[in-house]
Amino acid sequence: MRVDGAWRNLARALKRLESAAPISRHRYSHPHAPILHSPVSRCFRSYSDEVQQHQLSSDLVRIMEQRLSAIEHRNASLQNLVNQPEASPADYARANKELRKLSGCMDLITHLRTKQKEIDGLKSMMAECPEDKDMLDMVTEELRQAIDEEKRLQSLLLRSLLPKDDADERDSILEVRAGTGGEEASLFAMDIFKMYERYSYKKGWKFEVVEITESDLRGYKEASAAISGSGVYGKLKFEKGIHRVQRVPVTEKSGRVHTSAVSVAILPQADEVDVQLRNEELRIDTYRSGGSGGQHANTTNSAVRITHIPTGMTVAIQDERSQHMNKAKALKVLCAKLYEMERSRIQISRSKLRSEQIGSGDRSERIRTYNFPQGRVTDHRVGITHHAIDDVMQGENLDVFIDALLLRQEMDAVASFSSSQ
(Lines give C-alpha, C1' and ligand atoms only; values in the text may rest on other atoms or scores of the structure.)
Protein backbone atom coordinates (compact mmCIF):
# COMPACT_ATOMS: atom_id res chain seq x y z
CA MET A 1 0.00 0.00 0.00
CA ARG A 2 1.36 3.40 -0.90
CA VAL A 3 2.00 5.96 1.82
CA ASP A 4 0.14 9.15 1.00
CA GLY A 5 1.34 12.69 1.64
CA ALA A 6 -0.86 13.14 4.70
CA TRP A 7 0.84 10.32 6.58
CA ARG A 8 4.27 11.48 5.40
CA ASN A 9 3.54 14.89 6.93
CA LEU A 10 2.62 13.25 10.22
CA ALA A 11 5.75 11.11 10.05
CA ARG A 12 7.88 14.20 9.51
CA ALA A 13 6.19 15.88 12.47
CA LEU A 14 6.95 12.81 14.58
CA LYS A 15 10.59 12.81 13.46
CA ARG A 16 10.92 16.50 14.29
CA LEU A 17 9.44 15.87 17.73
CA GLU A 18 11.85 13.09 18.54
CA SER A 19 14.97 14.63 16.98
CA ALA A 20 14.56 17.91 18.89
CA ALA A 21 16.90 16.70 21.63
CA PRO A 22 17.02 16.76 24.51
CA ILE A 23 13.51 15.52 25.32
CA SER A 24 12.93 13.68 28.57
CA ARG A 25 11.42 10.19 28.46
CA HIS A 26 12.03 9.18 32.05
CA ARG A 27 8.39 8.95 33.03
CA TYR A 28 7.49 6.63 30.20
CA SER A 29 10.36 4.25 29.48
CA HIS A 30 13.73 3.06 30.64
CA PRO A 31 16.23 5.93 30.42
CA HIS A 32 18.39 3.92 27.98
CA ALA A 33 15.50 2.73 25.83
CA PRO A 34 15.63 3.72 22.14
CA ILE A 35 13.68 6.74 21.01
CA LEU A 36 11.13 4.50 19.25
CA HIS A 37 9.70 3.70 22.67
CA SER A 38 8.75 7.31 23.35
CA PRO A 39 5.05 8.05 24.00
CA VAL A 40 4.79 10.09 20.82
CA SER A 41 6.04 7.15 18.73
CA ARG A 42 3.55 4.81 20.36
CA CYS A 43 0.76 7.30 19.64
CA PHE A 44 1.79 7.60 15.99
CA ARG A 45 2.16 3.82 15.46
CA SER A 46 -1.25 3.05 16.96
CA TYR A 47 -2.76 5.86 14.88
CA SER A 48 -1.24 4.54 11.63
CA ASP A 49 -2.24 0.96 12.44
CA GLU A 50 -5.82 2.04 13.07
CA VAL A 51 -5.97 3.90 9.77
CA GLN A 52 -4.69 0.84 7.90
CA GLN A 53 -7.32 -1.30 9.59
CA HIS A 54 -9.94 1.23 8.51
CA GLN A 55 -8.73 0.97 4.92
CA LEU A 56 -9.34 -2.79 5.00
CA SER A 57 -12.75 -2.49 6.64
CA SER A 58 -15.60 -2.96 4.18
CA ASP A 59 -18.04 -1.58 6.77
CA LEU A 60 -16.03 1.62 7.07
CA VAL A 61 -15.82 1.96 3.28
CA ARG A 62 -19.59 1.61 3.12
CA ILE A 63 -20.08 4.32 5.76
CA MET A 64 -17.58 6.54 3.97
CA GLU A 65 -19.47 6.10 0.70
CA GLN A 66 -22.66 7.29 2.40
CA ARG A 67 -20.88 10.40 3.66
CA LEU A 68 -19.22 11.02 0.31
CA SER A 69 -22.59 10.85 -1.43
CA ALA A 70 -23.96 13.39 1.07
CA ILE A 71 -21.00 15.69 0.37
CA GLU A 72 -21.55 15.41 -3.39
CA HIS A 73 -25.23 16.26 -2.92
CA ARG A 74 -24.41 19.21 -0.66
CA ASN A 75 -21.81 20.52 -3.14
CA ALA A 76 -24.35 20.38 -5.96
CA SER A 77 -26.92 22.26 -3.84
CA LEU A 78 -24.41 24.99 -2.96
CA GLN A 79 -23.33 25.34 -6.60
CA ASN A 80 -26.97 25.81 -7.54
CA LEU A 81 -27.42 28.45 -4.81
CA VAL A 82 -24.44 30.61 -5.86
CA ASN A 83 -25.66 30.53 -9.45
CA GLN A 84 -29.03 31.98 -8.49
CA PRO A 85 -29.12 35.76 -9.12
CA GLU A 86 -31.79 36.25 -6.42
CA ALA A 87 -29.51 34.88 -3.66
CA SER A 88 -28.86 37.44 -0.90
CA PRO A 89 -25.26 38.63 -0.34
CA ALA A 90 -25.16 36.90 3.05
CA ASP A 91 -26.42 33.57 1.61
CA TYR A 92 -23.99 33.90 -1.30
CA ALA A 93 -21.07 34.53 1.06
CA ARG A 94 -21.96 31.59 3.30
CA ALA A 95 -22.40 29.26 0.33
CA ASN A 96 -19.10 30.32 -1.21
CA LYS A 97 -17.34 29.85 2.12
CA GLU A 98 -18.73 26.32 2.48
CA LEU A 99 -17.85 25.50 -1.13
CA ARG A 100 -14.24 26.50 -0.48
CA LYS A 101 -14.17 24.18 2.53
CA LEU A 102 -15.57 21.32 0.44
CA SER A 103 -13.32 21.90 -2.57
CA GLY A 104 -10.39 19.78 -1.34
CA CYS A 105 -12.67 16.89 -0.45
CA MET A 106 -14.54 17.19 -3.74
CA ASP A 107 -11.25 16.97 -5.70
CA LEU A 108 -10.43 13.72 -3.90
CA ILE A 109 -13.95 12.37 -4.50
CA THR A 110 -13.64 13.16 -8.22
CA HIS A 111 -10.33 11.28 -8.41
CA LEU A 112 -11.81 8.37 -6.44
CA ARG A 113 -14.84 8.12 -8.72
CA THR A 114 -12.56 8.11 -11.78
CA LYS A 115 -10.41 5.39 -10.27
CA GLN A 116 -13.46 3.30 -9.34
CA LYS A 117 -14.72 3.49 -12.93
CA GLU A 118 -11.28 2.38 -14.10
CA ILE A 119 -11.41 -0.60 -11.71
CA ASP A 120 -14.84 -1.60 -12.99
CA GLY A 121 -13.54 -1.41 -16.58
CA LEU A 122 -10.50 -3.56 -15.79
CA LYS A 123 -12.67 -6.18 -14.08
CA SER A 124 -14.89 -6.28 -17.16
CA MET A 125 -11.83 -6.79 -19.38
CA MET A 126 -10.70 -9.70 -17.20
CA ALA A 127 -14.10 -11.30 -17.55
CA GLU A 128 -14.03 -10.86 -21.34
CA CYS A 129 -10.62 -12.48 -21.94
CA PRO A 130 -10.16 -15.29 -19.42
CA GLU A 131 -8.12 -17.40 -21.89
CA ASP A 132 -5.64 -14.70 -22.99
CA LYS A 133 -2.85 -15.13 -20.42
CA ASP A 134 -0.72 -12.19 -21.57
CA MET A 135 -3.67 -9.83 -21.59
CA LEU A 136 -4.87 -11.22 -18.26
CA ASP A 137 -1.46 -10.67 -16.65
CA MET A 138 -1.30 -7.08 -17.92
CA VAL A 139 -4.84 -6.25 -16.79
CA THR A 140 -4.25 -7.94 -13.41
CA GLU A 141 -1.21 -5.73 -12.77
CA GLU A 142 -3.11 -2.60 -13.80
CA LEU A 143 -5.98 -3.64 -11.56
CA ARG A 144 -3.63 -4.12 -8.61
CA GLN A 145 -2.19 -0.63 -9.11
CA ALA A 146 -5.66 0.87 -9.50
CA ILE A 147 -6.87 -0.79 -6.27
CA ASP A 148 -3.80 0.52 -4.42
CA GLU A 149 -4.59 4.01 -5.70
CA GLU A 150 -8.23 3.59 -4.67
CA LYS A 151 -7.11 2.69 -1.13
CA ARG A 152 -4.75 5.69 -1.08
CA LEU A 153 -7.59 8.02 -2.02
CA GLN A 154 -9.87 6.39 0.56
CA SER A 155 -7.16 6.98 3.18
CA LEU A 156 -6.99 10.66 2.30
CA LEU A 157 -10.77 10.95 2.32
CA LEU A 158 -10.96 9.25 5.70
CA ARG A 159 -8.63 11.89 7.10
CA SER A 160 -10.68 14.66 5.49
CA LEU A 161 -13.84 13.28 7.12
CA LEU A 162 -12.37 13.21 10.61
CA PRO A 163 -13.82 15.79 13.02
CA LYS A 164 -11.83 19.00 12.81
CA ASP A 165 -11.96 22.55 14.09
CA ASP A 166 -13.39 24.87 11.45
CA ALA A 167 -11.43 27.74 12.97
CA ASP A 168 -7.98 26.17 12.42
CA GLU A 169 -7.20 28.33 9.38
CA ARG A 170 -8.24 31.58 11.04
CA ASP A 171 -6.12 34.38 12.40
CA SER A 172 -6.01 34.74 16.17
CA ILE A 173 -6.16 37.16 19.07
CA LEU A 174 -3.54 36.43 21.74
CA GLU A 175 -4.24 37.56 25.30
CA VAL A 176 -1.70 37.18 28.12
CA ARG A 177 -2.55 38.08 31.74
CA ALA A 178 -0.43 37.98 34.87
CA GLY A 179 -1.84 35.63 37.50
CA THR A 180 -0.65 34.74 40.97
CA GLY A 181 2.82 35.97 41.82
CA GLY A 182 2.65 39.76 41.83
CA GLU A 183 5.38 41.59 39.93
CA GLU A 184 7.12 38.33 39.03
CA ALA A 185 3.96 37.14 37.28
CA SER A 186 3.84 40.41 35.33
CA LEU A 187 7.47 40.03 34.26
CA PHE A 188 6.85 36.46 33.14
CA ALA A 189 3.72 37.58 31.28
CA MET A 190 5.98 39.94 29.33
CA ASP A 191 8.40 37.06 28.61
CA ILE A 192 5.57 34.80 27.39
CA PHE A 193 4.10 37.54 25.22
CA LYS A 194 7.49 38.18 23.59
CA MET A 195 8.02 34.42 23.18
CA TYR A 196 4.89 34.22 21.02
CA GLU A 197 5.96 37.35 19.15
CA ARG A 198 9.30 35.73 18.24
CA TYR A 199 7.58 32.46 17.35
CA SER A 200 5.17 34.32 15.07
CA TYR A 201 8.00 36.04 13.22
CA LYS A 202 9.78 32.72 12.74
CA LYS A 203 6.59 31.32 11.22
CA GLY A 204 6.28 34.28 8.88
CA TRP A 205 3.12 35.52 10.58
CA LYS A 206 2.16 39.14 11.21
CA PHE A 207 2.18 40.07 14.91
CA GLU A 208 0.34 43.31 15.74
CA VAL A 209 0.25 44.56 19.34
CA VAL A 210 -3.28 45.52 20.31
CA GLU A 211 -2.94 46.63 23.95
CA ILE A 212 -0.38 46.46 26.76
CA THR A 213 -0.92 47.41 30.40
CA GLU A 214 2.41 47.61 32.22
CA SER A 215 3.20 46.93 35.88
CA ASP A 216 5.43 49.06 38.11
CA LEU A 217 8.54 47.09 37.03
CA ARG A 218 7.57 47.39 33.34
CA GLY A 219 6.21 43.87 33.20
CA TYR A 220 2.84 43.20 31.59
CA LYS A 221 -0.29 43.00 33.70
CA GLU A 222 -2.22 42.38 30.49
CA ALA A 223 -1.17 42.25 26.86
CA SER A 224 -2.96 41.35 23.65
CA ALA A 225 -2.00 41.01 20.01
CA ALA A 226 -3.56 40.13 16.65
CA ILE A 227 -1.67 37.34 14.85
CA SER A 228 -2.31 36.86 11.13
CA GLY A 229 -1.00 34.16 8.81
CA SER A 230 -1.59 30.69 7.47
CA GLY A 231 -3.17 28.32 10.00
CA VAL A 232 -2.44 30.51 13.02
CA TYR A 233 -5.29 29.31 15.24
CA GLY A 234 -4.72 25.66 14.34
CA LYS A 235 -1.13 25.97 15.56
CA LEU A 236 -1.71 28.05 18.67
CA LYS A 237 -5.07 26.83 19.99
CA PHE A 238 -3.52 24.40 22.47
CA GLU A 239 -1.41 27.18 24.00
CA LYS A 240 -4.36 28.53 25.96
CA GLY A 241 -4.34 27.80 29.65
CA ILE A 242 -2.15 28.39 32.71
CA HIS A 243 1.61 28.67 32.14
CA ARG A 244 3.51 28.22 35.41
CA VAL A 245 7.01 29.57 36.03
CA GLN A 246 9.54 28.56 38.69
CA ARG A 247 12.51 30.90 39.04
CA VAL A 248 14.22 33.39 41.33
CA PRO A 249 12.44 36.75 40.88
CA VAL A 250 14.49 39.90 40.35
CA THR A 251 12.89 41.23 43.55
CA GLU A 252 14.05 38.22 45.61
CA LYS A 253 17.19 39.00 47.64
CA SER A 254 17.63 35.64 49.39
CA GLY A 255 17.77 33.61 46.16
CA ARG A 256 14.63 31.59 46.81
CA VAL A 257 12.73 30.09 43.87
CA HIS A 258 9.18 31.39 43.54
CA THR A 259 6.26 29.93 41.60
CA SER A 260 4.08 32.28 39.59
CA ALA A 261 1.45 31.85 36.90
CA VAL A 262 0.31 33.49 33.70
CA SER A 263 -2.90 32.83 31.78
CA VAL A 264 -2.88 32.67 27.98
CA ALA A 265 -5.98 32.92 25.81
CA ILE A 266 -6.04 32.21 22.06
CA LEU A 267 -9.20 33.43 20.29
CA PRO A 268 -9.96 32.76 16.61
CA GLN A 269 -10.66 35.97 14.76
CA ALA A 270 -14.19 36.28 13.42
CA ASP A 271 -15.34 37.22 9.93
CA GLU A 272 -18.18 39.64 9.32
CA VAL A 273 -20.25 36.66 8.21
CA ASP A 274 -19.70 34.99 11.62
CA VAL A 275 -20.47 37.93 13.89
CA GLN A 276 -22.78 40.76 12.91
CA LEU A 277 -22.60 43.72 15.28
CA ARG A 278 -25.57 46.08 15.23
CA ASN A 279 -25.02 49.70 16.16
CA GLU A 280 -27.94 49.66 18.59
CA GLU A 281 -26.23 46.81 20.50
CA LEU A 282 -23.02 48.80 21.07
CA ARG A 283 -22.19 51.52 23.55
CA ILE A 284 -19.03 53.37 22.55
CA ASP A 285 -17.27 55.63 25.06
CA THR A 286 -14.17 57.69 24.45
CA TYR A 287 -11.72 59.02 27.04
CA ARG A 288 -8.17 60.25 27.39
CA SER A 289 -5.46 57.60 27.34
CA GLY A 290 -3.28 57.12 30.38
CA GLY A 291 0.44 57.52 29.81
CA SER A 292 3.80 58.34 31.31
CA GLY A 293 3.10 62.08 31.30
CA GLY A 294 5.15 64.89 29.75
CA GLN A 295 5.18 64.97 26.00
CA HIS A 296 3.55 61.54 25.90
CA ALA A 297 0.41 62.66 27.74
CA ASN A 298 -2.66 62.29 25.55
CA THR A 299 -4.65 65.50 25.36
CA THR A 300 -7.44 64.10 23.15
CA ASN A 301 -10.15 61.51 23.74
CA SER A 302 -8.44 58.83 21.65
CA ALA A 303 -9.02 55.85 23.95
CA VAL A 304 -12.10 53.78 23.13
CA ARG A 305 -14.27 51.52 25.25
CA ILE A 306 -16.91 49.42 23.48
CA THR A 307 -19.62 47.58 25.40
CA HIS A 308 -21.74 44.89 23.77
CA ILE A 309 -25.04 45.54 25.52
CA PRO A 310 -26.69 42.08 25.07
CA THR A 311 -23.77 40.24 26.70
CA GLY A 312 -22.25 43.02 28.81
CA MET A 313 -18.84 42.27 27.28
CA THR A 314 -16.47 45.26 27.28
CA VAL A 315 -13.28 45.93 25.33
CA ALA A 316 -11.11 49.00 25.94
CA ILE A 317 -8.19 49.99 23.70
CA GLN A 318 -5.87 52.99 24.14
CA ASP A 319 -2.73 51.75 22.41
CA GLU A 320 -2.99 54.01 19.35
CA ARG A 321 -3.03 57.82 19.21
CA SER A 322 -5.91 57.69 16.74
CA GLN A 323 -9.44 57.17 18.06
CA HIS A 324 -10.37 55.55 14.74
CA MET A 325 -7.56 52.99 14.99
CA ASN A 326 -8.38 52.19 18.63
CA LYS A 327 -12.02 51.68 17.68
CA ALA A 328 -11.06 49.32 14.83
CA LYS A 329 -8.87 47.27 17.16
CA ALA A 330 -11.56 47.14 19.84
CA LEU A 331 -14.15 45.92 17.33
CA LYS A 332 -11.77 43.19 16.11
CA VAL A 333 -11.20 41.94 19.66
CA LEU A 334 -14.91 42.15 20.51
CA CYS A 335 -15.85 40.12 17.43
CA ALA A 336 -13.28 37.46 18.34
CA LYS A 337 -14.63 37.24 21.90
CA LEU A 338 -18.24 36.94 20.75
CA TYR A 339 -17.29 34.33 18.15
CA GLU A 340 -15.40 32.29 20.76
CA MET A 341 -18.38 32.56 23.13
CA GLU A 342 -20.64 31.04 20.50
CA ARG A 343 -18.08 28.34 19.66
CA SER A 344 -17.81 27.42 23.32
CA ARG A 345 -21.58 27.17 23.63
CA ILE A 346 -21.71 24.77 20.68
CA GLN A 347 -18.75 22.72 21.87
CA ILE A 348 -20.27 22.20 25.32
CA SER A 349 -23.33 20.64 23.70
CA ARG A 350 -21.20 18.22 21.66
CA SER A 351 -19.19 15.16 22.65
CA LYS A 352 -16.58 15.79 25.37
CA LEU A 353 -14.19 13.22 23.95
CA ARG A 354 -11.74 15.78 22.60
CA SER A 355 -11.47 17.66 25.87
CA GLU A 356 -10.91 14.36 27.69
CA GLN A 357 -8.14 13.34 25.33
CA ILE A 358 -6.30 16.64 24.86
CA GLY A 359 -7.69 19.02 27.47
CA SER A 360 -10.09 21.81 26.85
CA GLY A 361 -7.44 24.50 27.25
CA ASP A 362 -9.56 26.20 29.89
CA ARG A 363 -7.67 28.82 31.83
CA SER A 364 -8.11 26.86 35.06
CA GLU A 365 -5.82 24.13 33.68
CA ARG A 366 -2.07 24.20 34.28
CA ILE A 367 -0.76 23.19 30.90
CA ARG A 368 2.98 23.90 31.09
CA THR A 369 5.75 24.59 33.61
CA TYR A 370 8.88 26.64 32.88
CA ASN A 371 11.55 25.69 35.45
CA PHE A 372 14.48 28.09 35.05
CA PRO A 373 16.83 26.67 37.75
CA GLN A 374 16.71 23.26 36.05
CA GLY A 375 16.56 24.73 32.53
CA ARG A 376 13.53 22.71 31.45
CA VAL A 377 10.02 23.18 30.09
CA THR A 378 7.38 20.49 30.70
CA ASP A 379 4.02 20.18 28.97
CA HIS A 380 1.77 18.30 31.37
CA ARG A 381 -0.78 17.24 28.75
CA VAL A 382 1.62 15.12 26.69
CA GLY A 383 4.30 14.51 29.32
CA ILE A 384 7.13 15.98 27.26
CA THR A 385 10.03 17.80 28.94
CA HIS A 386 12.41 19.90 26.84
CA HIS A 387 15.78 20.79 28.39
CA ALA A 388 16.51 24.01 26.51
CA ILE A 389 14.40 26.65 28.20
CA ASP A 390 16.32 29.59 26.72
CA ASP A 391 15.57 28.38 23.20
CA VAL A 392 11.88 27.98 24.03
CA MET A 393 11.68 31.53 25.42
CA GLN A 394 13.26 32.78 22.19
CA GLY A 395 10.40 31.23 20.22
CA GLU A 396 12.44 28.18 19.22
CA ASN A 397 11.31 24.56 19.66
CA LEU A 398 7.72 25.42 20.61
CA ASP A 399 6.80 23.00 17.83
CA VAL A 400 8.07 20.17 20.04
CA PHE A 401 4.97 20.65 22.19
CA ILE A 402 2.59 21.90 19.50
CA ASP A 403 3.24 18.99 17.13
CA ALA A 404 2.80 16.45 19.93
CA LEU A 405 -0.58 17.96 20.77
CA LEU A 406 -1.60 17.97 17.10
CA LEU A 407 -0.72 14.26 16.88
CA ARG A 408 -2.88 13.64 19.92
CA GLN A 409 -5.67 15.56 18.22
CA GLU A 410 -5.40 13.32 15.13
CA MET A 411 -5.59 10.20 17.31
CA ASP A 412 -8.62 11.59 19.09
CA ALA A 413 -10.29 12.36 15.77
CA VAL A 414 -9.84 8.73 14.65
CA ALA A 415 -11.33 7.52 17.95
CA SER A 416 -14.25 9.92 17.60
CA PHE A 417 -14.91 8.83 14.00
CA SER A 418 -14.82 5.14 14.99
CA SER A 419 -17.05 5.52 18.04
CA SER A 420 -19.69 7.36 16.01
CA GLN A 421 -20.27 4.37 13.71
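The values are calculated or read from the model by the stated rules, or taken from the named source; none is laboratory data. Everything quoted here is computed from the prediction, not taken from an experiment. Heads up, the Cβs are rebuilt from the backbone with ideal geometry, glycines too, and the neighbour counts pull from every protein chain shown.
Some points to look at:
- In the range 94-113, the residues that are within 14 Å of Arg152 (Cα to Cα) form Cβ pairs under 8 Å with partners that are among the charged types (D, E, K, R), at six or more places apart or across chains, as follows: Ile109/Glu72; Leu112/Glu150.
- Against the list (1) modelled with pLDDT under 90; (2) of a type outside the set (Lys, Arg); (3) closer than 19 Å to Val245 by Cβ; (4) not in a loop (DSSP other than H, G, I, E, B), the condition Thr180 fails is (4).
- Condition met for Glu183 (out of contact with any helix residue (DSSP H, G or I) (no Cβ under 8 Å at 6 or more places or on another chain) and either more than 23 Å from Met393 (Cβ to Cβ) or outside the structural domain of Leu102 (by TED's automatic domain parsing) (or both)): yes
- Selected residue (only one of Ile147, Ile173 is assigned to a helix (DSSP H, G or I) and not small (Gly, Ala, Ser)): Ile147
- Thr213 being in contact with a helix residue (DSSP H, G or I) (Cβ under 8 Å, 6 or more places away or on another chain), surrounded by fewer than 20 Cβ atoms within 10 Å (Cβ to Cβ) and among the hydroxyl-bearing types (Ser, Thr, Tyr): no
- Residues that are among the small types (Gly, Ala, Ser), more than 17 Å from the chain's Cα centre (by Cα) and modelled with pLDDT under 90, drawn from the range 387-421: Ala415, Ser416, Ser418, Ser419, Ser420
- Subset of the range 320-336 that is surrounded by 21 or more Cβ atoms within 10 Å (Cβ to Cβ) and of a type outside the set (Gly, Ala, Ser) - its residue that is farthest from Gln276 (Cα to Cα): Asn326
- For the range 386-401, filtered to residues that are surrounded by fewer than 17 Cβ atoms within 10 Å (Cβ to Cβ) and free of Cβ contacts under 8 Å to residues at least 40 places away in the same chain, the residue that is nearest to Val232 (Cα to Cα) is Asp391.
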